[in-house]
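FYI, it's all coordinate maths here, none of it is from the lab. Bear in mind the structure is a predicted one, so any value in this text is a computation, not a measurement. Heads up, the Cβs are rebuilt from the backbone with ideal geometry, glycines too, and the neighbour counts pull from every protein chain shown.
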Amino acid sequence: MEVIVCRTADEVAEVAAAKVARVCRDVGPGVVIGVATGSSPVALYESLAQRVKDGRLDMSKASAFALDEYVGLPPGHPESYAEVIRQTVTEPLRMTPALVHTPNGFAENIEQAALDYEQAIVDAGGVDVQILGIGSNGHIGFNEPTSSLASRTRIKTLTATTRQDNARFFDSIDDVPHHCLTQGLGTIMDAHEVVLVAQGVHKADAIAALVEGPVTARWPGSVLQLHAHATVVVDLAAASKLELRDYYVQTYAEKPSWQRFDAR
Ligand code: GLP
């Protein structure tokens, strides 16, 4: 796992976007990206959008798969993740809407929708680079604590903490759905590369558990310790509980130039 500690949230976005853009260019026009919702990756998406605008990146033939969706929100609901992804990813990155996918949380048959989503990822050739945020309780996607480390796309019940954290996007906490459809930890682990971003002191416990704790379903993000190509990009506040923070800073400063994301 590569841990990159940045001085500011802006730097987190720039470093993570450089990494994602590098994968997109290396894989080519048909790259498949995995996209997260939430506030954490918003600046990263803006940085990628700037590259698209400048002509440095072309995402018109790329595909995207969102991590998760609320169950029960009708299509077009402003807080549905399909809508959030359309506004923060599809349009700014000038992606082709038909190539951008979100689990169908409004399906009559949720179990079938989960199976269909897994198949769609396989049919697209798998995810080349998965962008992730992390919940304050350590969830990635909506894989809440005690999610199976081998789980696939399925329905999950949101914890009270997650519903409280996400209530800011809704008129009232009563409007936050209780269930979601989320890629499993096993699904996320199948991505070829993973780039996780976190900012702020409210993520410090989750980041410490992810990077330095035991691999445990109690802190689902810790499964990324078993991923061969995981990059964790955090600001100083999110890094504040990392015991080996100085080592990560030193490692990044001493990274050989040929290994840097912007090396070519
Ligand atoms: C949400 C999403 C996650 C996201 C996390 C953190 O509920 N399902 O994909 O990473 O919680 O959200 P935020 O980035 O807003 O802190």
Residue in segment 7-25 that is within 16 Å of PHE65 (Cα to Cα) and of a type in the set (Ser, Thr, Tyr) present: no
Some residue of segment 198-212 being part of a strand (DSSP E or B), of a type in the set (A, V, I, L, M, F, W, C) and surrounded by 14 or more Cβ atoms within 10 Å (Cβ to Cβ): yes
Qualifying residue in segment 165-187 (condition: of a type in the set (Val, Ile, Thr), surrounded by 24 or more Cβ atoms within 10 Å (Cβ to Cβ) and in contact (Cβ under 8 Å) with a residue 12 or more places away in the chain): yes
Whichever residue in segment 188-197 is within 26 Å of PHE106 (Cα to Cα) and surrounded by 24 or more Cβ atoms within 10 Å (Cβ to Cβ) and, among such residues, is nearest to the ligand (Cβ to nearest atom): ILE188
Number of the condition not met by ALA150 [criteria: (1) outside any loop (DSSP other than H, G, I, E, B); (2) of a type in the set (A, V, I, L, M, F, W, C); (3) surrounded by fewer than 16 Cβ atoms within 10 Å (Cβ to Cβ)]: (1)
Which listed residue, of ALA120, ALA107, ALA113, is more than 15 Å from the ligand (Cβ to nearest atom), of a type in the set (Gly, Ala, Ser) and closer than 20 Å to PRO29 by Cα: ALA120
So GLY30, is it over 26 Å from LYS203 (Cβ atoms), out of contact with any helix residue (DSSP H, G or I) (no Cβ under 8 Å at 6 or more places or on another chain) and in a loop (DSSP other than H, G, I, E, B): yes
